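Reading through the structure tokens given below for one structure.
The values are calculated or read from the model by the stated rules, or taken from the named source; none is laboratory data. Source: prediction; values computed, not measured. A quick note on method: Cβ atoms are made from the backbone with ideal geometry, for glycine too, and the neighbour counts reach across all protein chains shown.
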Amino acid sequence: MNPYRETIHSILAASDLTMFVKPMSIQLAQYLQSGPTVQSSDDTVVAFTRRVIGSETNSIKQIQRLFYAVRDEIRYDPYQMDLSTDGLSATRTLETGYGWCVSKAILLAAAYRSIGIPASLGYADVRNHLSTEKLRQRMQSDVFYWHGYTSIYVDNRWVKTTPAFNIELCEKFKLKPLDFNGLEDSIYHPFDLEGNQHMEYLNDRGDYIEPPIDEIRATFQSEYAGWFDGNDSVSRDFETEVELENKW
């Protein structure tokens, strides 16, 4: 057995995991599988999970630690969008240290699955009122299609959590960062710290074991025609852009 996985399993053996150790249906077991992007059995993902969890044995605190690590250690940057299997993979996100809502949700799902917590990938269309002017011009829209988040199965129910915006970015946007207690939904607040409208959920696209890349790409090519012209990435720094636009 991989030595990292041995360490994780020894931590789990000492954990209070009674909320997870229940008869698991075949359908639920799907959300524990490693996949092309949700690479929960990859050595890099297991090592990341091991480092973040450390000596913590409480299951809820393990869940929280992994959420905050993905939220803050991986910088949010929608300009680094790569709609390929490799580009969305958990290992690529760890390697580069940046991601966007879809790729960060994939990494978090992989981390949770690696310690035996069923995790799915959820998607919704949202209207985001706190993007930058340059991003809106490039998208020609304020609707973000296929906004990604992670759902985990805890205490016999699914709980949603959104690790997209790192805390430094939230501070620049004057937006309260999302916290996660491991037991209750954590999705974007409708208002920022100054009472301005932030995010509005428009359409629920459901949950998946792996990201529906072809469907996401088709929607983006249709709705963001000026962006997706054969090159999925753009050489910009989103965080610097936010800082400049919110300087005054």
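For the reader, a short list of remarks on this structure follows.
Results for (1) on the phi < 0 side of the Ramachandran plot; (2) modelled with pLDDT under 95; (3) not β-branched (Val, Ile, Thr), shown as yes or no for each residue.
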site: TYR201; (1), (2), (3): yes, yes, yes
site: ILE209; (1), (2), (3): yes, no, no
site: GLU215; (1), (2), (3): yes, no, yes
site: SER222; (1), (2), (3): yes, yes, yes
site: ALA225; (1), (2), (3): yes, yes, yes
site: PHE228; (1), (2), (3): yes, yes, yes
site: ASP232; (1), (2), (3): yes, yes, yes
site: ARG236; (1), (2), (3): yes, yes, yes
site: THR240; (1), (2), (3): yes, yes, no
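- For THR49, the requirement of being assigned to a helix (DSSP H, G or I), of a type in the set (Ser, Thr, Tyr) and touching a residue at least 24 places away in the same chain (Cβ under 8 Å) is met.
- Identity of the residue in segment 145-180, of a type in the set (Phe, Trp, Tyr) and touching a helix residue (DSSP H, G or I) at 6+ places or on another chain (Cβ under 8 Å), that ends up nearest to LEU28 (Cα to Cα): TYR153
- Boolean, LYS160 is part of a helix (DSSP H, G or I) and buried (at least 17 other Cβ atoms within 10 Å of the Cβ): no
For (1) within 15 Å of PHE165 (Cβ to Cβ); (2) buried (at least 24 other Cβ atoms within 10 Å of the Cβ); (3) over 16 Å from the mean Cα position of the chain (by Cα), each residue gets a yes or a no:
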site: ASN58; (1), (2), (3): no, no, yes
site: GLN62; (1), (2), (3): no, yes, yes
site: LEU66; (1), (2), (3): no, yes, no
site: VAL70; (1), (2), (3): yes, yes, no
site: THR85; (1), (2), (3): no, no, no
site: SER114; (1), (2), (3): no, yes, no
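- Scan of segment 52-90 for residues that are part of a helix (DSSP H, G or I) and more than 19 Å from ILE117 (Cα to Cα), ordered by number: ASP72, GLU73, PRO78, TYR79, GLN80, THR85, ASP86, GLY87, LEU88
- In segment 153-174, the residue that is nearest to the chain's Cα centre (by Cα) out of those that are of a type outside the set (Lys, Arg) and over 17 Å from TRP100 (Cα atoms) is VAL159.
- Looking across segment 104-136 at every residue that is at pLDDT 95 or above and in contact with a Pro (Cβ under 9 Å, 6 or more places away or on another chain), the one that is farthest from ILE213 (Cα to Cα) is identified as TYR112.
- Given (1) at pLDDT 95 or above; (2) in contact with a Gly (Cβ under 9 Å, 6 or more places away or on another chain), number of the condition PHE48 does not satisfy: (2)
- Residues that are under 23 Å from ASP214 (Cα atoms) and of a type in the set (Phe, Trp, Tyr) were ranked within segment 64-98; the one that is modelled with the lowest pLDDT is TYR79.
Listed here are the residues, each with its yes/no results for (1) closer than 19 Å to ALA105 by Cβ; (2) part of a strand (DSSP E or B); (3) of a type in the set (A, V, I, L, M, F, W, C).
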{"site": "TYR153", "(1), (2), (3)": "yes, yes, no"}
{"site": "LYS176", "(1), (2), (3)": "no, no, no"}
{"site": "ASN181", "(1), (2), (3)": "yes, no, no"}
{"site": "GLU184", "(1), (2), (3)": "yes, no, no"}
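- Neighbours by Cβ (under 8 Å, 6+ apart or cross-chain): first from segment 174-201, more than 22 Å from ARG65 (Cβ to Cβ) and in contact (Cβ under 8 Å) with a residue 24 or more places away in the chain; second in a strand (DSSP E or B) and among the β-branched types (Val, Ile, Thr): MET199/VAL126; GLU200/VAL126; TYR201/VAL126
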